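To keep things clear, I will list the structure first and then write my remarks on it.
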């Protein structure tokens, strides 16, 4: 039994949870800093329109991440369950099909995004003072789309075999590179949004190189063979439905951001920048909770695939407790240090003050999202694709998007924040009820529902 397999089978439940969750949590935090880096260093230029431009293009970045997460998360469930059931051949073939699908899809999207760039930026809410820097940022960013999507998918796929350190190091390779290059390209070379995007592209190139090295030299269940990818392409019909919840959640987050920006464009560029900065702060809470649940998801899938209901139940209870406690602590931290955190992105006093007030609305419901993420992870890991997709559509789609328009109509700018509170709390409650119902049914009737 190798070290990775021990994490699934012979370690105590708490030890297994921490072995899977801590590297994933570190990865998420590093990705959070990576996500913040562009806006932070752009913010040091003191030009609010540049901050707004990065925010406007963020939904495109979210779309790329959504599709890559769909492939990675769906493939991870198949691979973990296959390894739990002793079918290593299926796991290897699935990994090859997923990796090549991510690369090819990234290449296609890079071309399409550049061809339709003008209309896309207008749809995203670009104004006269933001369309120039937004166009530059998008053009350079899409050059790295294939590598970006490969890195995101591989980061999840390698965790399916228990290689949590490889997932962490792969993300670190790209993220640290991006963070180091941002000040050089933006502040020293004065390349503005082009420099921010170039740092992201180079970071993803290094991340992709790390994963290629790991899979070829050290992985026990992954493959980069184009032949295996071709032979196992049918497995994508299983991968996509299981990965759709991840894609839907991230895509709807991007759409919600777009609709929010279009509403905010009716106020001012300062409002767009203030809400964008506030959103980065709220991500500290949501991504920490999401990171824990994503990290433990292969553990859930493994025990579900092996039929070990006792261990599965224990993993779920302890992960839920851990996620909620960490979420509460992160919320308190963000409330106490909100002025300092907002100041990292906004240098204009009026914009910073607006952001410091608005962020309270964004994070008010975030502490409850631990229930939402554990529910989504469970439904996805246990192959309840329809229920997982339903949960993913609730928060950012079915609830948030219409609430943004309704609350803005009745309460103005603050109504946008109220919409976030309502969507978070209602979605968390609904998802947890569905999770409990589905899991209790599994415990009564066994694994075959």
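The values are calculated or read from the model by the stated rules, or taken from the named source; none is laboratory data. Since this is a predicted model, take the numbers as computed values, not measurements. All Cβ positions, even for glycine, are placed from backbone atoms using ideal geometry, and neighbour counts span all protein chains on display.
Going residue by residue through the stretch 28-40, is there one that turns out to be at pLDDT 80 or above and out of contact with any strand residue (DSSP E or B) (no Cβ under 8 Å at 6 or more places or on another chain)?
The first filter runs over the stretch 28-40 and keeps only residues at pLDDT 80 or above, leaving none.
Scanning the stretch 28-40, I find no residue that is at pLDDT 80 or above and out of contact with any strand residue (DSSP E or B) (no Cβ under 8 Å at 6 or more places or on another chain), so the answer is no.
Taking the stretch 158-171, which residues are closer than 14 Å to residue 219 by Cβ and surrounded by fewer than 24 Cβ atoms within 10 Å (Cβ to Cβ)? Before you say what the answer is, go through the steps one by one.
Here is the first cut: in the stretch 158-171, the ones closer than 14 Å to residue 219 by Cβ are 158-167, 169-170.
Of everything in the stretch 158-171, those that are closer than 14 Å to residue 219 by Cβ and surrounded by fewer than 24 Cβ atoms within 10 Å (Cβ to Cβ) turn out to be 164, 165, 169.
Which numbered condition trips up residue 213, out of (1) over 29 Å from residue 125 (Cβ atoms); (2) in contact (Cβ under 8 Å) with a residue 40 or more places away in the chain?
For residue 213, the failing item is (2).
If a residue counts only when it is within 18 Å of the chain's Cα centre (by Cα) and at pLDDT below 85, which helices (runs of 4 or more DSSP H) contained entirely in the stretch 171-267 have at least 2 such residues? Give the derivation first.
Working: elements: 193-217, 226-231, 236-264.
Answer list for the stretch 171-267: 236-264.
Among the residues that make up the stretch 15-27, is at least one of them under 17 Å from the mean Cα position of the chain (by Cα) and within 20 Å of residue 251 (Cα to Cα)?
Among the residues of the stretch 15-27, not one is under 17 Å from the mean Cα position of the chain (by Cα) and within 20 Å of residue 251 (Cα to Cα), which makes the answer no.
Using beta carbons and a limit of 8 Å, which pairs, at least six apart or on different chains, have the first residue in the stretch 395-406 and on the phi > 0 side of the Ramachandran plot and the second one part of a helix (DSSP H, G or I) and buried (at least 17 other Cβ atoms within 10 Å of the Cβ)?
From the stretch 395-406, no pairs qualify.
Residue check: is residue 375 in contact with a helix residue (DSSP H, G or I) (Cβ under 6 Å, 6 or more places away or on another chain), on the phi < 0 side of the Ramachandran plot and either surrounded by fewer than 21 Cβ atoms within 10 Å (Cβ to Cβ) or modelled with pLDDT of 85 or more (or both)?
Details: in contact with a helix residue (DSSP H, G or I) (Cβ under 6 Å, 6 or more places away or on another chain): yes; on the phi < 0 side of the Ramachandran plot: yes; either surrounded by fewer than 21 Cβ atoms within 10 Å (Cβ to Cβ) or modelled with pLDDT of 85 or more (or both): yes.
So residue 375 passes the test.
Check whether at least one residue in the stretch 390-407 is over 19 Å from residue 249 (Cβ atoms), at pLDDT 90 or above and either surrounded by fewer than 16 Cβ atoms within 10 Å (Cβ to Cβ) or under 19 Å from the mean Cα position of the chain (by Cα) (or both), and report yes or no. Let's see the steps before the verdict.
We begin by selecting, within the stretch 390-407, every residue over 19 Å from residue 249 (Cβ atoms); these are 405-407.
From what is left, the residues that are at pLDDT 90 or above are 406-407.
Still in the running and either surrounded by fewer than 16 Cβ atoms within 10 Å (Cβ to Cβ) or under 19 Å from the mean Cα position of the chain (by Cα) (or both): 406.
Yes, the stretch 390-407 contains at least one residue that is over 19 Å from residue 249 (Cβ atoms), at pLDDT 90 or above and either surrounded by fewer than 16 Cβ atoms within 10 Å (Cβ to Cβ) or under 19 Å from the mean Cα position of the chain (by Cα) (or both).
Considering only the stretch 429-449, state which residues are surrounded by fewer than 23 Cβ atoms within 10 Å (Cβ to Cβ) and under 27 Å from residue 260 (Cβ atoms).
429, 430, 432, 434
Quick check, is residue 355 more than 22 Å from the chain's Cα centre (by Cα) and crowded, with 23+ Cβ neighbours inside 10 Å?
Details: more than 22 Å from the chain's Cα centre (by Cα): yes; crowded, with 23+ Cβ neighbours inside 10 Å: yes.
Yes, satisfied.
Return yes or no: is residue 361 in a helix (DSSP H, G or I), surrounded by 21 or more Cβ atoms within 10 Å (Cβ to Cβ) and over 16 Å from the mean Cα position of the chain (by Cα)?
Numbers: in a helix (DSSP H, G or I): yes; surrounded by 21 or more Cβ atoms within 10 Å (Cβ to Cβ): no; over 16 Å from the mean Cα position of the chain (by Cα): yes.
Against the criterion (in a helix (DSSP H, G or I), surrounded by 21 or more Cβ atoms within 10 Å (Cβ to Cβ) and over 16 Å from the mean Cα position of the chain (by Cα)), residue 361 does not qualify.
Restricting to the stretch 230-260, count the residues that are under 14 Å from residue 127 (Cα atoms) and surrounded by 23 or more Cβ atoms within 10 Å (Cβ to Cβ). Give the derivation first.
Filtering the stretch 230-260 for residues under 14 Å from residue 127 (Cα atoms) gives 258.
Okay, now just the ones that are also surrounded by 23 or more Cβ atoms within 10 Å (Cβ to Cβ), so none.
Within the stretch 230-260, residues that are under 14 Å from residue 127 (Cα atoms) and surrounded by 23 or more Cβ atoms within 10 Å (Cβ to Cβ) number 0.
With free of Cβ contacts under 8 Å to residues at least 60 places away in the same chain and in a helix (DSSP H, G or I) as the only criterion, which of 324, 315, 296 stands out? Break it down stepwise before answering.
Numbers: 315 fails: free of Cβ contacts under 8 Å to residues at least 60 places away in the same chain; 296 fails: free of Cβ contacts under 8 Å to residues at least 60 places away in the same chain.
From the options 324, 315, 296, the qualifying one is 324.
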